Amino acid sequence: FVLNCTIKTTLLATLASPTTSSTSVIDEIRVLADTTSGRICTDADATALASTDFGGNVSVVGARPAAVFYPSCPADIAALLRASSASASPFPVSARGCGHSTRGQATAPGGVVVDMASLGRVADSSGRLAVSVDGRYIDAGGEQLWVDVLHATLVHGLTPRSWTDYLHLTVGGTLSNAGISGQAFRHGPQISNVHELDVVTGTGEMVTCSKEKHADLFDAALGGLGQFGIITRARIPLTLAPARVRWVRLLYANAAALTGDQERLISEHGALAGLMDYVEGSVLTDYQSLIASRPSLSSFFPDANDARVAALANEAGGVLYCLEGAAYYGGAGDTSAAHVDKALEVMLRELRYARGFAFVQDVSYVKFLDRVRGGELELRAAGVWDVPHPWLTHFIPRSRILDFAAGVFHGVLRHDRAMGPVLIYPMNRGKWDGGMSAVFPGEEEVFYTVGILRSAVADGDLHRMEARNAEVVRFCENAGIPCTQYLPHYETQEEWAARHFGPGRWDRFVQRKRKYDPKAILSRGQRIFSYPL
Ligand code: FAD
């Protein structure tokens, strides 16, 4: 990172001039690497790392990029994209946040992976997280982690409203999907909470866009699976930050009671409206092995309760459900502890959980939001974090969630001993924006997220879990349950068009692709487009 940005950008632009047809794309990339003072790296360690991801089941050789690019500013990325765009054989370019994808989405087979983190490693990177207290927003670099966004805003008594469960994901990475968690029912996904973006398009143009300016690119990029541009900055609105959280878990013996209560909590009407700031839920299909494998879970249900909970699980036919809620208070916000206690009292009286199985903790706001980190550190210490993760997440319309529960939790997954959470929680469709690229069920006001987030720890697990995932999909097809994949993965364009987007949305997606990335350079790891379009 010794050259200044202008010089490097000029150099890249020079190298970008169209090459003779005899020069292969790979050679072109090597030339860039040789002449840009370590900013392009082709060594095997770097390219191997850039071809792996959290999913851990991508064929390393097949998906390996030719090079990794370490930009020091957005203009570097623009120059790289112009280089590819101007080439006789445009080479794939993919932004890589942290590689938390599970199906090779952040790879660029045979092309260049852009290591987004390097934008935040330059000498003066302080501007990559800039809070405007008066404007109530933060400008965050696309490479920034949400956990760093949280800490930068809390210094000013402010916070974003919509989160993911895990905060060690990048801003650009989650905004390219949707960014969902238990706050989305009220505030929408993270993509519904953005004022403005800086995007470098597939043609290497640097564009600032919002709902007012270049709205089509703004909508395309949000939930756009990296297809239309690389997000280098997002302006995120902020609100007053609470200090603490009453965090509740309630056990249920059946799905109908759980989902009924979840829907009452996310409704804008009724006695329970507005009581919770966060609503999620999970399914414990194999309570005992879950307890054994996830110490952080057992700490929520203290050991003394193990026997009682196991008895409840037996009574319930082996499958337990858990509602998870959180109410914020204190800090810069105006909700008092007394107010939250009153809300909890109403909630615990009204909800239909198994009596005697309510567990409440009081934790700091930071500890609550960054809760998955604790589990990560435990799993890392046990050597079971860097294992394959054949995750499958669906959005299911409200009217079919109980059919899904019966067929999948009490059927396909019932005796499948596996490590990892199975999440189930509802969203209000009205908080999603149909103009954006993210795909979600369109007909009913409420839809559910169901995440089967399992870790393949033992030999044979990966194969078995992939087979179970296929069974889940087959079950839904046979039962006529419309499932929309979140963090989607399909092998062919036909599947993307027919199964994911559907006709109208697909046509719009393709039109936007032709406009912003006509040479299909970006995020080929998603396997949606190839060159020529
Ligand atoms: P990557 O995996 O590196 O990239 C994802 C895709 O986006 C790729 O196609 C890439 O090319 C593209 N991309 C990356 N950066 C940019 C950019 N700046 N501009 C344009 N395109 C870009 N998701 C949720 O919504 N809610 C959750 O609660 C949640 N929890 C998670 C927990 C864990 C432990 C993990 C591993 C993932 C979780 N996710 C969750 C999924 C997460 O949102 C995705 O993995 C997402 O891709 C972000 O990861 P990343 O930043 O590492 O992006």
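Please treat every number below as a calculation from the coordinates, not as lab data. Just so it is clear, the structure is predicted and the values come from calculations on it, not from any experiment. Please note: Cβ atoms are built from the backbone with ideal geometry, for glycine as well, and neighbour counts cover all protein chains shown.
Amide H contacts of Thr107: Gly525, each under 5 Å away and 5 or more positions distant or on a separate chain (H built 1.01 Å from N in the peptide plane; Pro and chain starts excluded).
Can you tell me the orientation of helix 503-516 relative to the chain, as the angle in degrees between its alpha-carbon axis and the longest Cα principal axis, to the nearest 10? Between the helix axis and the principal axis of the chain, the angle is about 40 degrees. With Rh defined as the Kirkwood radius, the inverse of the mean 1/r over Cα pairs, the Rg/Rh of the chain is 0.97. Beta bridges from DSSP with both residues in the stretch 89-199: antiparallel share about 55 percent, rounded to the nearest 5. Averaging the sequence gap over all C-alpha pairs within less than 8 Å and six or more residues apart, then dividing by the number of residues, gives the stretch 155-300 a relative contact order of 23 percent. Among the trypsin sites (Lys or Arg not before Pro) within the stretch 401-490, those in coil by DSSP and having at most 14 neighbouring Cβ atoms inside 10 Å are Arg414, Arg417. Estimated from helical segments only, the mean residue ellipticity of the chain at 222 nm is -9000 deg cm²/dmol, where each DSSP H run of four or more residues counts as -39500 (n - 2.57). When +1 charges are put on Lys and Arg Cβ atoms and -1 charges on Asp and Glu Cβ atoms, the dipole computed for the chain relative to its Cα centre reaches about 360 debye.
Where in the stretch 85-147 are there trypsin sites (Lys or Arg not before Pro) that are in a DSSP coil and have at most 14 other Cβ atoms within 10 angstrom of their Cβ?
Answer in residue order: Arg121.
The overall shape of the stretch 380-533, judged from the alpha-carbon gyration tensor, is oblate: a/c is not under 1.5, and a/b is no greater than b/c. How about Lys342: which lysines have a C-alpha closer than 27 Å to its C-alpha, ignoring those fewer than 8 places off in the same chain? List returned: Lys367. Since only Ser118, Gly188, His214 are under comparison, the one whose Cα sits farthest along the positive direction of the charge dipole of the stretch 112-253, derived from C-beta charges on Lys, Arg, Asp and Glu, is Gly188. Computed from Cα positions, the angle between helix 371-381 and the longest principal axis of the chain comes to roughly 80 degrees.
Proximity of backbone amide H atoms, modeled 1.01 Å from N, is registered between Ala95 and Val114, Ser523 at under 5 Å, excluding neighbours fewer than 5 places apart on the same chain. Rounded to the nearest 5, the antiparallel percentage of DSSP beta bridges internal to the chain is 90%. Per-residue 3J(HN,Hα) values for the stretch 270-275, derived from phi via the Karplus relation 6.51 cos²θ - 1.76 cosθ + 1.60 with θ = phi - 60°, read x, 5, 9, 4, x, 6 Hz in sequence order (x marks Gly and Pro). Each residue of the stretch 465-473 is assigned a 3J(HN,Hα), and the resulting list reads 5, 4, 5, 5, 4, 4, 5, 4, 4 Hz, derived from the Karplus form 6.51 cos²θ - 1.76 cosθ + 1.60 (θ = phi - 60°), x at Gly and Pro. Taking a straight Cα-Cα cut-off under 22 Å and skipping sequence neighbours fewer than 8 places away in the same chain, the lysines within cross-link reach of Lys431 are Lys211, Lys213. Looking at the square roots a ≥ b ≥ c of the eigenvalues of the Cα gyration tensor of the stretch 362-434, which shape do they give, rounded for a/c under 1.5, prolate if a/b is larger than b/c, or oblate? Verdict is oblate for the stretch 362-434. Between His500, Ala326, Leu312, the Cα set farthest toward the positive side of the dipole of the chain (charges on each charged residue's Cβ, about the Cα centre) is that of His500.
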